[in-house]
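A short worksheet on the structure shown next.
The values are calculated or read from the model by the stated rules, or taken from the named source; none is laboratory data. Values in this document were obtained by computation on a predicted structure and should not be read as measured data. A quick note on method: Cβ atoms are made from the backbone with ideal geometry, for glycine too, and the neighbour counts reach across all protein chains shown. For the accessible areas, the whole protein counts, side chains as well, though only heavy atoms, and no ligand, DNA or RNA atoms are used. Shrake-Rupley method; radii C 1.70, N 1.55, O 1.52, S 1.80 Å.
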Amino acid sequence: MAKRKVIWSNTAIKRLYSIFETDIRKGNAKEDSINDFQIISRNLKGIRKNPKAGIRTSEISIYGVKADTFLILYTLTENEIVIHTLLKD
């Protein structure tokens, strides 16, 4: 079976930019943003390898994965993993 393609929703993209903007305002923009990006990337690779490993939320079609200080919420289709949003502690 081919790996599923990762699709980012507009909401997820906005949240990602918001997280990076927060890093910039804190003053350690480069280091924090690189660290955040690495955490998200590592976990997306894990989701692609084993997409059903996430915990199902109360909305049965949505999975959630805790990634360090992030919560990644996504759904699965036959060919895609749709990232709906990112939450950061």
(request) Quick one: net charge around Lys3, please, counting Lys, Arg +1 and Asp, Glu -1 for every other residue with C-beta under 13 Å from its C-beta. (result) +3
(request) Go through the chain and name the GluC sites (Glu not before Pro) that are in a DSSP coil and have 10 or fewer other Cβ atoms within 10 Å of their Cβ. (result) Glu78
(request) Once you have all Cα-Cα distances for segment 21-73, histogram them in 10 Å bins from zero and send the whole-percent values. (result) 24, 42, 24, 10
(message) Over segment 10-73, with the other protein chains present, what is the accessible area per residue in square angstrom, probe 1.4 angstrom?
(response) 68
(message) Checking a compactness column here: for the chain, what do you get for Rg(Cα) / (2.2 N^0.38 Å), N being the number of residues?
(response) 1.10
(request) Measure off, as a whole percent, the carbon and sulfur share of the 1.4 Å-probe accessible area of the chain, all protein chains present. (result) 54
(request) State which entries of Lys3/Lys30; Lys45/Lys66; Lys45/Lys88; Lys14/Lys88 exceed 23 angstrom in Cα-Cα distance in the structure shown. (result) Lys3/Lys30
(message) Let me spell out the model: positive unit charges on the Cβ of Lys and Arg, negative unit charges on the Cβ of Asp and Glu, origin at the Cα centre of the chain. What dipole size does that give, in debye rounded to 20?
(response) 300
(request) Would you mind computing, in nm to one decimal, how far apart the modelled labels at Thr69 and Arg25 are, each placed 7 Å from Cα along Cα→Cβ? (result) 1.4
(message) Can you tell me which aspartates and glutamates have their Cα less than 13 Å from the Cα of Lys49? Leave out same-chain residues fewer than eight positions away.
(response) Glu80
